[in-house]
Amino acid sequence: MRGSAAAHILSLLVRQGATVAVAESLTGGLLGAGLTDPMGASAAFRGGVIAYATELKTKLLGVPADLLEREGAVHPDVAVAMAKGVRDVTGADYGLAVTGVAGPDMQDGKDVGTVYAALCGPDGRVWHRNMVLSGSRESIREATAQEALELLRGVLEANLGEQSG
């Protein structure tokens with residue numbers, strides 16, 4: 001998601017006086033790149049953590065080591081912990097996180113294309129999206145970033161509707 005779609009997300013954040021930070025695993029920076037593409041991104045984008053190696057999810061984002069040991073890095077609860085962790089580390093209002101398997105091989109017993117996204121909001125509320133994607137490694141990574149940003153956009157639009165209603 002680049003250009004006008006990312007600009008729309010950033011404008012929603014600015015209108016709500018909110019900020020976002022990202023925690024990425026399989027996307028390796030695509031979320032942050034998409035959100036910093038539009039001019040003026042610094043008004044709402046706080047930063048991000050690329051925790052590609054499993055142990056960095058604990059060291060940098062506070063994902064419980066026992067959760068990673070029990071479930072592996074590709075799990076919906078890991079995505080939630082990453083989202084909460086990046087929100088806390090950066091002081092952002094929203095933390096958006098993705099973890100999954102882009103391929104070419106399975107990971108933690110999960111098939112290629114298994115992806116989890118989570119968004120943690122200002123009040124600690126969590127939204128998530130579980131996905132099974134197909135295609136090349138590149139297309140899975142791109143689709144993951146797009147789906148995660150769509151999750152953020154949907155929540156922000158719903159919040160704006162609640163504020164004006």
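No value in this document is a laboratory result; all are computed from the given coordinates. Not measured: the values here are computed from a predicted model. A quick note on method: Cβ atoms are made from the backbone with ideal geometry, for glycine too, and the neighbour counts reach across all protein chains shown.
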Exercise for review: At q = 0.10, 0.13, 0.18 Å⁻¹, work out log10 I(q)/I(0) for the range 4-164 with the Debye formula, treating every Cα as an identical point scatterer and leaving solvent out; two decimals please.
Suggested key: -0.31, -0.53, -1.01
Exercise for review: Using only Cα atoms, locate the centre of the range 141-165 and the centre of the range 57-115, then give the distance between them in Å, rounded to an integer.
Suggested key: 20
Review point. Among G103, G29, V14, whose Cα sits farthest toward the positive end of the charge dipole of the range 4-164 (+1 at Cβ of Lys/Arg, -1 at Cβ of Asp/Glu, about the Cα centre)?
Key: V14
Review point. What's the local net charge at V63, with K and R +1, D and E -1, over the other residues with C-beta under 12 Å away?
Key: -2
Point to revise | Residue order, fewest to most beta carbons within 10 Å, for K59, K84 | key: K59, K84
Review point. Any idea what the dipole of the chain comes to, in debye rounded to 20, about its Cα centre with Lys/Arg Cβ at +1 and Asp/Glu Cβ at -1?
Key: 320
Revision key, fill the gap. Least to most buried among D88, D77, D66, by other C-beta atoms within 10 Å and fewest first, runs D66, D88, D77
Revision key, fill the gap. Ranked by GNM mean-square fluctuation in the chain (Cα springs under 10 Å), the top entry among G135, G48, G29 is G135
